[in-house]
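First the structure, in the form of structure tokens, and then the observations on it.
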Amino acid sequence: MQRIIIFIAALCLGACASGSIGSSTGTARSAGASAPAVRPAPVLVPSQSVREAGLQNIIGANGTALLERFGKARIDLTEGTARKLQFANEACVIDIFLYPLQSGRDPVATHIEARNRKTGAAEDKAACARVLTKQIMR
């Protein structure tokens, strides 16, 4: 839950940093100046995980596709429009975070985290996904 909140906060900060909402130059507008153009709401962008080898078929996938690939989720949590799916075996745990990339659209995988089930140490995301996929295909 805390990771979802941190991830959303990071996305919001990134969206704010990418452009300014108003001017901070301190110049006054004349009475006849037009109002600034209304900017569309920011669109979520998949995380760095999309560039990692072996994750291309996971990032962008919807919940149904992920459940078909990995089987029943250990955790399937929905909060607002966001969703977290967690899959695990005796060795590793993978958390896949899904967010709608556009308003009104179904959420898709935008971020992945993997860790060792016993120690909690970070694991190779693609390797963990491969192991969990092979586990289902048996």
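The values are calculated or read from the model by the stated rules, or taken from the named source; none is laboratory data. From a predicted model like this one, the values you see are computed outputs, not experimental measurements. Backbone-built Cβ (ideal geometry, glycine too); neighbour counts: all protein chains shown. Remember, those area values only see protein heavy atoms, side chains included, never the ligands or the DNA or RNA. Shrake-Rupley method; radii C 1.70, N 1.55, O 1.52, S 1.80 Å.
Modelled with pLDDT of 95 or more and under 14 Å from the mean Cα position of the chain (by Cα): is that true of A88 in this structure? Reasoning before the result, please.
Numbers: modelled with pLDDT of 95 or more: yes; under 14 Å from the mean Cα position of the chain (by Cα): no.
Judged against the criteria, A88 is not a match.
Touching a residue at least 24 places away in the same chain (Cβ under 8 Å), hydrophobic (A, V, I, L, M, F, W, C) and open to solvent by 10 Å² or more (accessible area, probe 1.4 Å): does that describe L132?
Judged against the criteria, L132 is not a match.
Where the second residue is part of a helix (DSSP H, G or I) and among the aromatic types (F, W, Y) and the first is more than 7 Å from L85 (Cβ to Cβ) and open to solvent by 40 Å² or more (accessible area, probe 1.4 Å) and lies in segment 63-74, which pairs have Cβ atoms under 9 Å and are six or more apart or on separate chains?
Once the first residue is more than 7 Å from L85 (Cβ to Cβ) and open to solvent by 40 Å² or more (accessible area, probe 1.4 Å) and sits in segment 63-74, no partner that is part of a helix (DSSP H, G or I) and among the aromatic types (F, W, Y) comes close enough.
Within segment 52-68, can you find the residues that are farther than 15 Å from D95 by Cβ, part of a helix (DSSP H, G or I) and not hydrophobic (A, V, I, L, M, F, W, C)?
Correct list: T64, E68.
Among the residues of segment 78-113, write down those that are open to solvent by 60 Å² or more (accessible area, probe 1.4 Å) and more than 23 Å from A127 (Cα to Cα).
If the condition is that a residue be open to solvent by 60 Å² or more (accessible area, probe 1.4 Å) and more than 23 Å from A127 (Cα to Cα), then T78, E79, G80, T81, Q102, S103, G104, R105, D106 are the ones that fit.
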